[in-house]
Amino acid sequence: MQGTRVTVLAAGLIMVGLITGCGGSNGQPPTTDQQLGAAVQAAHITPLDPGPRAAAATINLGRALMYDKELSGNRDISCATCHHPLMHTGDGLSVSMGTGCRGLGPTRTLGEGRPLIPRNAPEVFNRGATLWTSMFWDMRVTGSVATGFNSPAHDTLPSGLESVLAVQAMFPVTSRDEMRGRVGDVDVFDQANEVALLADTDFGGIWAALMQRLLRIPAYVALFNDAYPEVATEELGFQHAANAIAAFESATWTLLDSPWDRYVAGDHDALSENAKHGALLFFGKAGCAECHSGNLLTDQQAHDIAAPQVGPGKGTEAPLDYGRGRETGNLDDRYKFRTPPLRNVAITGPWMHDGAYTTLEGAVRHHLDPATSLRSYDAAQLAVDMQSTWQGGEATLAAILANLDPLVATPRSLTDTEVNEILTFLESLTDPAESDLGADIPDSVPSGLPVRD
């Protein structure tokens, strides 16, 4: 296990000497660094606190659980299938493929009769930061230890969950299409899938059934006892598994040594001039920071930015996806999706809640004039099996645009040079340690199921 790849950034170093007023010395115009320093200060950007690090035993348990297909009803998919280090902690697909499918990343194929998952699998970098208060594209998990958590399980969510990330980890295993499977499914050993027999709303039963599976494996009993020595084996619940998964994600995929991190810490040479100009546009003229704000580069709020609707859709409104509106029932929340964070964004495509854009430039240009971009969307950029899923009918387009967020409603005119400068800045958010994440993949897991697809 490699340690957390975190550069310790001293808050006292932030932009030392950059903020010198409106102009430079001797009445000279401000330098690029002075301008950017002022923008960073105004945006309240400081080094990101990675959050607390869990004990090694908890991280080791979480590592095993992250890669073990035992957590899926059919024993054929793990958490890491859709959040894989070799795929930049995502899966490289516009929308994911769940249980009953085969392969990894862009080579993954649908199983017979299996649907596409409605949404893009987001990257999971830096999710241990204490600033996080919401998870999922539709924000169906929110809260904190201090305030309590809101989730689809409502009052049946067990106590003892240590973060909003841990709460998030409770739910993919309950989704039939993602990990749990359907009534009548058999697992990879031709055994009946007992987890699929439970009702969709029986969260407690699903979690208990998965813990029964895990605790029938002696190696897992040992790992849980090492991680939670104060908890009797018979008192262990899936919340302990979720806390461990979150601990592993936080410890392993916290990356805070990008050029941008180094610049914020005071290294003025960490960014190229083009990247600095792009940052000035990001925090200024282009308006990106109005939503991609703060140290996480997300306001963690839901917005309708007229993202094209592609994929199978979700729930009773399929082939459409109402996003936040599905959770609130509010017509004004339809087509709103949570602002994603941007660290490592240049390598974590496809982009948008449904992976509608397969180039970062396409995603950036969409934000500058969403209405025009939506109406001129080219589905040919998608994988062949996704192209026909674009919902481009006039009624759908009009409904999406009816809720268009005022923050992006007015087109912003940028030159090609300025767009390229923004892209260069976004590339500076990539941590070089990202290329070495494969070292954390275990050779085996306690269930004995295959790790490397």
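What is the sum of charges around Val95, taking Lys and Arg as +1, Asp and Glu as -1, for the other residues whose C-beta is under 12 Å from the C-beta of Val95?
Values: positive: Arg108, Arg119, Lys314; negative: Asp91, Asp177, Glu178, Asp321, Asp354, Asp385.
Local net charge: -3.
Taking only the C-alpha atoms, wrap a convex hull around segment 189-290 and report its volume per residue in Å³ as a whole number. Display every interim value, and only then the final one.
Working: hull volume 24.0 nm³, N = 102.
Given the Cα convex hull of segment 189-290, per-residue volume reads 235 Å³.
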Considering the dipole of segment 167-312 built from charges on the beta carbon (Lys and Arg +1, Asp and Glu -1) around the Cα centre, which of Ala227, Ala275, Gln168 is farthest to its positive end?
Ala275
Hey, rough spin-label estimate for Asn330 and Glu194, points 7 angstrom out along Cα→Cβ, what's it come to in nanometres?
4.3
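When 1/r is averaged over all different Cα pairs and the result inverted, which Kirkwood radius in Å belongs to segment 372-414? Please list the in-between numbers first.
Numbers: mean 1/r = 0.0830 Å⁻¹.
Roughly 12.0 Å, rounded to one decimal.
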Shape verdict for segment 117-236, please, from the Cα gyration tensor: rounded (a/c under 1.5), prolate (a/b greater than b/c) or oblate.
oblate
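Give the Kirkwood hydrodynamic radius (Å, one decimal) of segment 324-453, defined as one over the mean of 1/r across all pairs of different Cα atoms. Intermediate results must be reported in sequence, preceding the final value.
Numbers: mean 1/r = 0.0567 Å⁻¹.
Kirkwood radius, segment 324-453: 17.6 Å.
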With an 8 Å cut-off on Cα pairs and a minimum separation of 6 or more residues, tell me the relative contact order of segment 40-187 in percent.
23
Suppose only helical runs count, i.e. DSSP H with n ≥ 4. What mean residue ellipticity at 222 nm does that imply for the chain under -39500 (n - 2.57) per run, divided by all residues and rounded to the nearest 500 deg cm²/dmol?
-8500 deg cm²/dmol
Per-residue HN-Hα couplings for segment 195-201, Karplus 6.51 cos²θ - 1.76 cosθ + 1.60 at θ = phi - 60°, whole Hz, x for Gly and Pro?
6, 6, 6, 7, 5, 4, 8
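Defining a contact as two alpha carbons under 8 Å apart and six or more residues distant in sequence, what relative contact order in percent does the chain show? Show your work: numbers first, answer last.
Working: 854 pairs, mean separation 101.1, N = 453.
It comes to 22 percent, rounded to a whole number.
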Quick calc: nm separation of the 7 Å Cα→Cβ label points for Ser444 and Asp226 -> 1.5
Calculated FRET value between Asp436 and Ser175, using beta carbons and R₀ = 22 Å, to 0.05
0.10
Just to compare against my own numbers: the Cα pair-distance distribution for segment 75-127, 10 Å bins, whole % per bin, please.
29, 57, 13, 1
Report the accessible area of Cys288, computed with a 1.4 Å probe over the heavy atoms of all protein chains in place, in Å² rounded to the nearest 10.
30
Given charges at beta-carbon only (K, R positive; D, E negative), |dipole| of the chain in Debye:
220
For the chain, what does the convex hull of the Cα positions come to per residue, in cubic angstrom?
144
Mind jotting down the distance between the C-alpha centroids of segment 58-72 and segment 202-262, whole Å?
7
By the C-alpha gyration tensor axes a ≥ b ≥ c (rounded if a/c is under 1.5, else prolate when a/b exceeds b/c, else oblate), the shape of segment 387-453 is oblate
With a bin width of 5 angstrom, please list the P(r) values of segment 308-396 as percents of all Cα-Cα pairs, from the 0 bin to the one holding the largest distance.
3, 13, 22, 25, 22, 11, 3, 0
Using only Cα atoms, figure out Rg for segment 44-104 and give it as a multiple of 2.2 N^0.38 Å.
1.42
How big is the dipole moment of segment 279-324 about its Cα centre under a simple scheme where the beta carbon of each Lys and Arg is +1, that of each Asp and Glu is -1, and everything else is neutral? Debye, nearest 20, please.
80
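Mind jotting down a quarter of the surface of the convex hull over the alpha carbons of segment 230-381, in square nanometres, one decimal? Mind showing how you got there, number by number?
On the way: hull surface 53.9 nm².
With the hull built on Cα positions only, its mean projection is 13.5 nm².
Given the Cα atoms of segment 228-269, and with Rh set as the inverse mean 1/r over their pairs in the Kirkwood sense, what is Rg to Rh to two decimals? Show your work: numbers first, answer last.
Working: Rg = 17.9 Å, Rh = 13.1 Å.
Looking at segment 228-269, the ratio lands at 1.36.
For Leu86 and Glu112, FRET efficiency with R0 = 22 Å and r from the beta-carbon atoms, rounded to 0.05?
Values: r = 26 Å, r/R0 = 1.20.
Calculated value: 0.25.
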Among 114-126, 245-257, how do they line up by average Cβ neighbours within 10 Å per residue, starting with the highest?
245-257, 114-126
Going by a ≥ b ≥ c, the root eigenvalues of the Cα gyration tensor, does segment 245-318 fall in the rounded group (a/c under 1.5), the prolate group (a/b larger than b/c) or the oblate group?
oblate
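Give me the accessible area per residue for the chain, probe 1.4 Å, as a whole number in Å².
Details: 18510 Å² over 453 residues.
Result: 41 Å² per residue.
If you wrap a convex hull around the Cα atoms of segment 38-183, how much volume per residue is inside, in Å³?
Given the Cα convex hull of segment 38-183, per-residue volume reads 148 Å³.
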Mind checking which aspartates and glutamates have their Cα closer than 15 Å to the Cα of Lys336? Skip sequence neighbours fewer than 8 apart in that chain.
Asp138, Asp299, Asp304, Glu317, Asp321, Glu327, Asp354, Asp405
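Using 0.36 nm per residue of separation minus the Cα-Cα distance, give me the extension gain between Ala409 and Glu234 in nm, one decimal.
57.5 nm
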Counting only residues 5 or more places away or on other chains, whose amide H sits under 5 Å from the amide H of Lys336 once H atoms are built in the peptide plane?
Arg324, Gly325
Once the dipole of the chain is set up with Lys and Arg at +1 and Asp and Glu at -1 on Cβ about the Cα centre, which of Ala371, Leu449, His240 lies farthest towards its positive end?
Ala371
Ignoring ligands, DNA and RNA, please state the percent of accessible area on segment 312-380 from carbon and sulfur, probe 1.4 Å.
49
Quick one: which residues, 5 or more positions from Val141 or on another chain, have an amide H under 5 Å from its amide H? H modelled 1.01 Å from N in the peptide plane, none for Pro or chain starts.
Met135
So, taking all protein chains as they sit and a 1.4 Å probe, how much accessible area belongs to Val408, in Å² rounded to tens?
20
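The values are calculated or read from the model by the stated rules, or taken from the named source; none is laboratory data. As the structure is a computational prediction, the values presented were derived from the model and not from experiment. Cβ sites come from the backbone with ideal geometry, for glycine too, and all protein chains shown count toward neighbours. When the accessible area is computed, the model is the full protein with side chains, heavy atoms only, and any ligands, DNA or RNA have been set aside. Shrake-Rupley method; radii C 1.70, N 1.55, O 1.52, S 1.80 Å.
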